[in-house]
1. Considering each residue of the stretch 232-281, count those that are under 28 Å from residue 93 (Cβ atoms) and either among the acidic types (Asp, Glu) or not in a helix (DSSP H, G or I) (or both), and give that number.
2. Residue by residue through the stretch 222-246, note down the ones that are among the hydroxyl-bearing types (Ser, Thr, Tyr) and within 22 Å of residue 119 (Cβ to Cβ).
3. Kindly state which strands (runs of 3 or more DSSP E) lie completely within the stretch 129-181 and contain at least 2 residues that are out of contact with any helix residue (DSSP H, G or I) (no Cβ under 7 Å at 6 or more places or on another chain).
4. Given the options 249, 236, name the one that is in contact (Cβ under 8 Å) with a residue 40 or more places away in the chain and either away from the ligand (no atom under 15 Å from the Cβ) or surrounded by fewer than 21 Cβ atoms within 10 Å (Cβ to Cβ) (or both).
5. Residue 6 versus (1) over 27 Å from residue 133 (Cβ atoms); (2) touching a helix residue (DSSP H, G or I) at 6+ places or on another chain (Cβ under 8 Å); (3) in a helix (DSSP H, G or I): which is the lone unmet condition?
6. Working carefully through the options 176, 171, find the one that is touching a Gly at 6+ places or on another chain (Cβ under 6 Å) and of a type in the set (Val, Ile, Thr).
7. Looking at this structure, is residue 70 more than 25 Å from residue 358 (Cβ to Cβ) and either aliphatic (A, V, I, L, M) or not in a helix (DSSP H, G or I) (or both)?
Amino acid sequence: MTLTVPASTLDYFGIDSLIDDDTRQLQAAVRAFVDRRVRPEIATWYDSGQLPARELARELGDLGVLGMHLQGYGCAGTSATAYGLACFELEAGDSGLRSLVSVQGSLAMYAIWRFGSEEQKQQWLPPMAAGAAIGCFGLTEPDFGSDPSGMRTRARRDGSDWVLSGTKMWITNGSIADVAVVWARTDEGVRGFLVPAGTPGFTAPEITRKQSLRASVTSELVLDDVRLPADAMLPEAAGLSGPLSCLNEARFGIVFGALGAAQDCLDTTVEYARSRQIFDRPLAAYQATQLKLADMSLELGKGMLLALHLGAAKDAGTLDHRQVSLGKLNSVREAIAIARECRTILGAAGITLDYPIIRHAANLESVLTYEGTSEVHQLIIGQVLTGHSAFR
Ligand SMILES: Cc1cc2nc3c(=O)[nH]c(=O)nc-3n(C[C@H](O)[C@H](O)[C@H](O)COP(=O)(O)OP(=O)(O)OC[C@H]3O[C@@H](n4cnc5c(N)ncnc54)[C@H](O)[C@@H]3O)c2cc1C
């Protein structure tokens with residue numbers, strides 16, 4: 001490899017040589033979509049807190065990224081690594097865009113694909129893969145985030161029907177969803193239910209005044225004696241392991257996705273530092289700047305190597321869900337550190353939406369918290385290492 005100034009930080013690591021041609025092409029198609037459709041608009045969407053989610057969902061469906069690693073029912077059936085790299089490119093655009101895709105594919109569609117009846121799959125998966133129907137995934141409640149086993153949302157039998165009551169909180173895509181996958185406590189333990197939008201007693205008010213993930217819809221789900229037929233329950237999910245396995249799918253996407261945000265910050269920063277003159281020289285020519293860039297590039301490259309390693313294990317069917325915690329913790333923690341350090345190099349310009357950095361930094365605060373907070377992943381890792389659970 002001849003090393004000239006790389007177009008992008010990961011080129012330096014020769015990461016592309018670890019990815020097969022088909023996957024690289026798929027990644028390039030997602031990157032082209034983000035360049036054309038997202039980059040020119042994202043600062044405006046973020047600033048206004050308005051995302052044209054329905055329109056985007058259709059376009060993401062055409063691109064083939066919704067539920068892309070699932071087989072059948074109109075899904076693309078790609079490798080897990082390809083899905084991860086698509087998340088990388090989407091999150092280089094914005095974590096909100098990647099969240100839309102993750103929640104649709106890895107949480108809502110995966111839950112139906114893995115635990116649904118044949119009728120539920122036939123009804124929902126093809127339109128969801130096409131982006132004609134949007135899904136959300138309601139696990140978190142106002143009083144129970146990291147510990148969903150405490151959930152209060154209840155589903156009780158009434159004849160053959162189910163009646164759901166409770167509140168879910170911080171639900172991505174909630175207000176725009178055509179179907180909500182809602183997890184509730186029953187006499188037989190936690191079960192999942194498909195709640196179509198418009199069902200009497202079901203509302204999904206949007207959560208406003210967010211200062212992170214502003215280009216993403218986040219909602220409350222209110223279930224006030226929502227009556228559902230017997231076949232609304234996902235038959236194959238019994239207990240908390242159902243929703244937790246869905247979270248694991250989404251976490252895997254974040255392992256790659258957060259690094260996309262980090263790369264976008266770094267690439268922007270290198271370009272800025274090369275053109276910004278300070279004390280009559282380019283900012284990039286100062287040792288202090290280069291030390292920062294070198295350290296950040298190393299973390300990005302190491303993170304990507306770990307992500308690809310986990311991707312290969314997932315594709316080989318050998319990935320343990322506790323290994324995903326290594327990647328989720330590392331990628332998001334390093335990405336947020338990179339975003340903050342990049343911001344310092346841009347000085348005051350770094351705080352505006354003219355550059356993507358403050359937006360990525362603010363977004364990554366949410367990414368650090370959802371799909372298992374960094375502390376929760378540290379505790380999972382600690383338990384693997386010591387054999388002791390420190391959760392309680
Ligand atoms: C923008 C956004 C979108 C989201 N989308 C969804 C969605 O689509 N669906 C969904 O179901 N949820 C969603 N969530 C919710 C998210 O999963 C929760 O916020 C997350 O699980 C943390 O829960 P919490 O916010 O209640 O924090 P808490 O659980 O109250 O945690 C507070 C603090 O306590 C720490 N903590 C927890 N347990 C321990 C422990 N044992 N020891 C030490 N410290 C501990 C945590 O790490 C954290 O620092 C979303 C959240 C955000 C911000």
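1. Going through the stretch 232-281, the residues under 28 Å from residue 93 (Cβ atoms) turn out to be 243, 245-276.
Within this subset, residues satisfying the condition of being either among the acidic types (Asp, Glu) or not in a helix (DSSP H, G or I) (or both) are 249, 264, 267, 271, 276.
Total satisfying the criteria: 5.
2. Looking only at the stretch 222-246, we keep the residues that are among the hydroxyl-bearing types (Ser, Thr, Tyr), and these are 241, 245.
Selection gives 245 alone.
3. On the way: elements: 135-138, 154-158, 161-172.
The strands (runs of 3 or more DSSP E) meeting that bar are 154-158, 161-172.
4. Values: 249 fails: either away from the ligand (no atom under 15 Å from the Cβ) or surrounded by fewer than 21 Cβ atoms within 10 Å (Cβ to Cβ) (or both).
From the options 249, 236, the qualifying one is 236.
5. Unmet for residue 6, out of (1) over 27 Å from residue 133 (Cβ atoms); (2) touching a helix residue (DSSP H, G or I) at 6+ places or on another chain (Cβ under 8 Å); (3) in a helix (DSSP H, G or I): (3).
6. Values: 176 fails: touching a Gly at 6+ places or on another chain (Cβ under 6 Å).
Just a single option satisfies the conditions, and that option is 171.
7. Working: more than 25 Å from residue 358 (Cβ to Cβ): yes; either aliphatic (A, V, I, L, M) or not in a helix (DSSP H, G or I) (or both): yes.
It is true that residue 70 is more than 25 Å from residue 358 (Cβ to Cβ) and either aliphatic (A, V, I, L, M) or not in a helix (DSSP H, G or I) (or both).
Yes or no, residue by residue, for (1) within 16 Å of the chain's Cα centre (by Cα); (2) among the hydrophobic types (A, V, I, L, M, F, W, C):
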residue: 32; (1), (2): no, yes
residue: 53; (1), (2): yes, yes
residue: 59; (1), (2): no, no
residue: 66; (1), (2): yes, yes
residue: 69; (1), (2): yes, no
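Each reported figure results from applying straightforward, stated rules to the coordinates on display, with no laboratory input. Bear in mind the structure is a predicted one, so any value in this text is a computation, not a measurement. Quick reminder, even Gly has a Cβ in these numbers, built from the backbone with ideal geometry, and neighbours come from all protein chains shown.
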